[in-house]
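Participant: So that we are looking at the same thing, I have put the structure below in structure tokens.
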Amino acid sequence: MKLAEQYLVKEKGVPETRAKELVARLNIMETSMEKGMKVHFYYDPAKDFFGTWVSQGDAKHSPLGLVRAKEMKLIQEKDAAVAKASGLEDEKAQLEELRDNLQKEIEGLETKKAQLESSVAQLEMEKTKAQEEARITGAKLAEHQNSVWYDADLEDRLRARGVLKTVNKVENIGEVKFANNIDLTKTKSITLKPSQFGIDHIRDVRIVPNFLKEGRDIGVHFVEDGTVEVTVLNEAAVKGQKVLFVLTQ
């Protein structure tokens with residue numbers, strides 16, 4: 001955030017207040033970066049437009065690689081939490097069996113019995129906590145795996161932001177993080193309103209990447225008021241994908 005503001009103020013002469021407003025509009029995820037990655041800035045004074053994107057640079061991993069590493073970490077954390085809960089359940093059962101045996105012995109062992117009961121209660125709390133951690137981690141992983149990430153805007157804006165690129169006459173999505181997503185287990189629809197993009201009417205929508213086909217994988221319905229209703233038709237093809245909707249006004 002600070003680098004972006006310094007770039008606008010010191011290199012482009014943008015007033016500090018305006019620089020903060022421009023930076024606040026962006027989805028700058030500093031936590032998804034590592035040392036050596038390059039942050040690129042772009043400012044068009046004529047349009048007062050500011051954009052940024054991240055490339056691998058000298059870093060060991062690409063931005064996409066970091067996302068995949070995060071998914072793997074979530075899987076490992078879930079498995080570890082489940083294993084811990086199972087182990088604590090077994091240990092709890094063993095202590096309860098020992099407690100029952102001690103209850104049959106002489107009165108002098110009552111103190112030790114009470115200590116073991118306390119240990120059982122503590123293990124029960126730890127087991128419950130571990131199960132809750134496993135549930136939360138599993139829910140986050142499921143949502144990530146079942147989501148489709150998307151962005152939408154006019155073509156010139158998408159290109160200026162580095163979201164839409166053309167390589168060898170083929171349109172591709174730039175290496176940027178999408179802030180918008182829908183969990184396909186909860187909804188399969190996206191509504192694109194002209195007012196979201198500062199235009200009066202959406203006349204056409206082009207889908208990138210082009211291996212996702214309109215009518216087969218994604219449905220596009222134009223409403224009379226200029227709104228577009230996008231529906232996921234082929235969940236298997238779209239799940240986990242980054243999809244770009246290129247609008248024509």
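The values are calculated or read from the model by the stated rules, or taken from the named source; none is laboratory data. All figures in this text were calculated on a predicted structure; none of them were measured in a lab. Every residue, glycine as well, gets a Cβ built from its backbone with ideal geometry; the counts of neighbours run over all protein chains shown.
Participant: Please state which one of 133, 91 is within 29 Å of the chain's Cα centre (by Cα), among the charged types (D, E, K, R) and farther than 30 Å from residue 163 by Cα. Spell out how you get there, then give the answer.
Facilitator: On the way: 91 fails: within 29 Å of the chain's Cα centre (by Cα).
Selected residue: 133, the only one of 133, 91 that is within 29 Å of the chain's Cα centre (by Cα), among the charged types (D, E, K, R) and farther than 30 Å from residue 163 by Cα.
Participant: Another question about this same structure. Of the residues that make up the range 88-106, is at least one touching a strand residue (DSSP E or B) at 6+ places or on another chain (Cβ under 7 Å) and not hydrophobic (A, V, I, L, M, F, W, C)?
Facilitator: The initial filter retains those residues of the range 88-106 that are touching a strand residue (DSSP E or B) at 6+ places or on another chain (Cβ under 7 Å), namely none.
No, the conditions are met nowhere in the range 88-106.
Participant: Let me ask another. Kindly indicate whether residue 5 is more than 22 Å from residue 149 (Cα to Cα) and touching a residue at least 60 places away in the same chain (Cβ under 8 Å). Steps first, please.
Facilitator: Numbers: more than 22 Å from residue 149 (Cα to Cα): yes; touching a residue at least 60 places away in the same chain (Cβ under 8 Å): no.
Criteria not met by residue 5.
Participant: Further, regarding this structure: Quick check on residue 18: is it at pLDDT 90 or above, over 30 Å from residue 131 (Cα atoms) and among the basic types (Lys, Arg)?
Facilitator: Numbers: at pLDDT 90 or above: yes; over 30 Å from residue 131 (Cα atoms): yes; among the basic types (Lys, Arg): yes.
So residue 18 passes the test.
Participant: Tell me, please, whether a residue that is touching a residue at least 60 places away in the same chain (Cβ under 8 Å) and not charged (D, E, K, R) can be found in the range 12-28.
Facilitator: Let us first name the residues in the range 12-28 that are touching a residue at least 60 places away in the same chain (Cβ under 8 Å), namely 27.
So of that shortlist, the ones also not charged (D, E, K, R) come out as 27.
The answer is yes, given that some residue of the range 12-28 is touching a residue at least 60 places away in the same chain (Cβ under 8 Å) and not charged (D, E, K, R).
Participant: Anything in the range 60-90 that is touching a Leu at 6+ places or on another chain (Cβ under 7 Å) and closer than 14 Å to residue 128 by Cα? List them, or say none.
Facilitator: Hit for the range 60-90 is 88, nothing else.
Participant: Mind counting the residues in the range 166-209 that are crowded, with 16+ Cβ neighbours inside 10 Å and without any contact (Cβ under 8 Å) to a residue 24 or more places away in the chain?
Facilitator: Qualifying residue count, the range 166-209: 0.
Participant: Condition check: over 30 Å from residue 5 (Cβ atoms), of a type outside the set (A, V, I, L, M, F, W, C) and in contact with a Lys or Arg (Cβ under 8 Å, 6 or more places away or on another chain). Does residue 99 satisfy that? Spell out the reasoning first.
Facilitator: On the way: over 30 Å from residue 5 (Cβ atoms): yes; of a type outside the set (A, V, I, L, M, F, W, C): yes; in contact with a Lys or Arg (Cβ under 8 Å, 6 or more places away or on another chain): yes.
Yes, satisfied.
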